[in-house]
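The values are calculated or read from the model by the stated rules, or taken from the named source; none is laboratory data. Fair warning: this is a prediction, and the values are worked out from it, not measured in the lab. Backbone-built Cβ (ideal geometry, glycine too); neighbour counts: all protein chains shown.
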Amino acid sequence: MAPLKIGFKSELDMLKFKNLKKDRESIIKSGFVDNIKYQYKTNEMIEWYHPKKIRVRISQIEKETDDTKSFYFVPVSRNEMPPFQAGQYVTLSVKIGDNTYQRAYSISSSVSDLKAYRLTIKKVPKGIVSNYMFDYAKEGDTFSISGPSGNFVYSSIRDTKDIIAIAGGSGITPIMAMLYQCVNFQKPANITLLYGAKTEKDLILKREIDELVKKNDNLKVIYILSEETRNDYEHGFINKEHFMNLDIENKSIFVCGPRSMYDSLNTIFKDLDIPNKYIRHEAYTDIPDFLGNTEYRLTCKTQDKEIVIPCFENKTLLESMVEGGIQVPIHCTVGVCGFCRSKLLEGKVQTDKSGLREADDHANFIHPCVTYPLSDIILELPF
Ligand code: FES
């Protein structure tokens, strides 16, 4: 058994502590008085690879179809754009009048070319930003965009070696970047693309797709026209028969297009017993076409105040908030990131719940970026 120590232990401890305190005081006094610089290599690398915002300039504009243009954005104060994964999007901030609107657009260019990001933007009826970009944006204009984000990307760990890609209309944009990735890096090894549009001239980037397919055996494309009959095309909407002729067994399927296309494809996938684990959907919002222009009252409750502004049946609650001077945290603008998640305390809305968690839906949360008012509204904001 160890001998029991007794004596002046506690007094000695106090003495040690007093000396320690003096030592520490002198060390602190002799220390730096300047602020610590934020110049560590790691921080610089994070800012380079994952910037929150980048100032960009339009270097070139190309008209793709009657209602679609491609914009090439080059960085203003760095030599190239940050790396991204094929299928990702950026959020473009556009100042129109006194307000700054934000919209998410997929990058349609190749991950191998970081001189510029190409955003291919289709003008949609009542689309504030898309109409502005199509009608007014010109070469030399500067904008702010977010760093790339989004999970609609091919992963060789999770996805199958060969994939089927399905695009409707402007849903081709993230898939275009995937075609380049397939050609340049064989990830995935092969892509079969089903691409639907109303008419041949609505097939965005068709010439570029045809060039790629002509030069690369690992790409195959089937065009499907819903409102025009032409030789060498499939017709109607993408349906079960189109899949019957493909080898779809155990293949990842990437889908990007209008909501109506998702709904009909989901029914087809169920009929064909395709497990959910093979299906990847890109978020995509349609502006409902039944909207009128009735004005309502939107009451926004924050932690310390209550703001009342007008809101309109044909604008998302987020757009009305931007116009009313309320800055809500946002990112994706298509109802999936959850940044703008707010609680609906009162009122009737038309909303897209596909990006909401079930628990949030039960607790009456909504994403104002994809919600239209159908009455006066009271919202509790997330700040
Ligand atoms: S901004 Fe992403 S959910 Fe609204």
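Each row is one residue, and each column tells you yes or no for (1) assigned to a helix (DSSP H, G or I); (2) surrounded by 17 or more Cβ atoms within 10 Å (Cβ to Cβ); (3) free of Cβ contacts under 8 Å to residues at least 40 places away in the same chain; (4) within 15 Å of the chain's Cα centre (by Cα).
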{"position": "132", "(1), (2), (3), (4)": "yes, yes, yes, no"}
{"position": "135", "(1), (2), (3), (4)": "yes, no, yes, no"}
{"position": "139", "(1), (2), (3), (4)": "no, no, no, no"}
{"position": "157", "(1), (2), (3), (4)": "no, no, yes, no"}
{"position": "164", "(1), (2), (3), (4)": "no, yes, no, no"}
{"position": "173", "(1), (2), (3), (4)": "yes, yes, no, yes"}
{"position": "178", "(1), (2), (3), (4)": "yes, yes, no, no"}
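Condition first: surrounded by 18 or more Cβ atoms within 10 Å (Cβ to Cβ) and assigned to a loop (DSSP other than H, G, I, E, B). Now tell me which residues in region 198-210 satisfy that.
Answer for region 198-210, where residues must be surrounded by 18 or more Cβ atoms within 10 Å (Cβ to Cβ) and assigned to a loop (DSSP other than H, G, I, E, B): 203, 204, 205.
Restricting attention to region 69-100, report how many residues are over 15 Å from the mean Cα position of the chain (by Cα) and assigned to a strand (DSSP E or B).
12
Residues that are surrounded by fewer than 20 Cβ atoms within 10 Å (Cβ to Cβ), under 22 Å from residue 314 (Cβ atoms) and out of contact with any strand residue (DSSP E or B) (no Cβ under 8 Å at 6 or more places or on another chain): does region 67-87 have at least one?
no
Checking the structure you have, find out if any residue of region 211-233 is surrounded by fewer than 14 Cβ atoms within 10 Å (Cβ to Cβ), without any contact (Cβ under 8 Å) to a residue 12 or more places away in the chain and in a strand (DSSP E or B).
For region 211-233, residues surrounded by fewer than 14 Cβ atoms within 10 Å (Cβ to Cβ), without any contact (Cβ under 8 Å) to a residue 12 or more places away in the chain and in a strand (DSSP E or B): absent.
Test of understanding: among 254, 237, 243, which residue is in a helix (DSSP H, G or I), surrounded by 13 or more Cβ atoms within 10 Å (Cβ to Cβ) and hydrophobic (A, V, I, L, M, F, W, C)? Show your work before the answer.
Numbers: 254 fails: in a helix (DSSP H, G or I); 237 fails: in a helix (DSSP H, G or I).
Of the residues listed, the single one that is in a helix (DSSP H, G or I), surrounded by 13 or more Cβ atoms within 10 Å (Cβ to Cβ) and hydrophobic (A, V, I, L, M, F, W, C) is 243.
Is it true that some residue in region 109-124 is more than 26 Å from residue 329 (Cα to Cα) and crowded, with 22+ Cβ neighbours inside 10 Å?
Yes: region 109-124 contains one or more residues that are more than 26 Å from residue 329 (Cα to Cα) and crowded, with 22+ Cβ neighbours inside 10 Å.
Exactly one of (1) of a type outside the set (Val, Ile, Thr); (2) over 30 Å from residue 110 (Cβ atoms); (3) modelled with pLDDT of 80 or more is unmet by residue 52. Its number?
Condition (2) is where residue 52 drops out.
Give me the residue from region 318-345 that is hydrophobic (A, V, I, L, M, F, W, C) and more than 17 Å from the chain's Cα centre (by Cα) and, out of that set, farthest from the ligand (Cβ to nearest atom).
Going residue by residue through region 318-345, those that are hydrophobic (A, V, I, L, M, F, W, C) are 318, 321-322, 326, 328, 330, 332, 334, 336-337, 339-340, 344-345.
Now narrow it down to the ones that are more than 17 Å from the chain's Cα centre (by Cα): 321-322, 326, 344-345.
Numbers: 321: 11, 322: 12, 326: 14, 344: 14, 345: 18 Å.
Among those residues, the one meeting the criterion is 345.
Can you list residue pairs whose Cβ atoms sit under 9 Å apart, with the first residue in region 107-128 being assigned to a strand (DSSP E or B) and the second being surrounded by fewer than 19 Cβ atoms within 10 Å (Cβ to Cβ) and among the hydrophobic types (A, V, I, L, M, F, W, C)? Count only pairs 6 or more apart in sequence or on different chains.
Within 9 Å, the pairs are 117/74; 121/137.
Could you tell me which residue of region 39-57 is farthest from residue 76 (Cα to Cα), considering only residues that are charged (D, E, K, R) and assigned to a helix (DSSP H, G or I)?
Here the answer is 41.
Can you tell me which residue in region 355-383 is nearest to the ligand (Cβ to nearest atom), limited to those that are free of Cβ contacts under 8 Å to residues at least 24 places away in the same chain and buried (at least 16 other Cβ atoms within 10 Å of the Cβ)?
356
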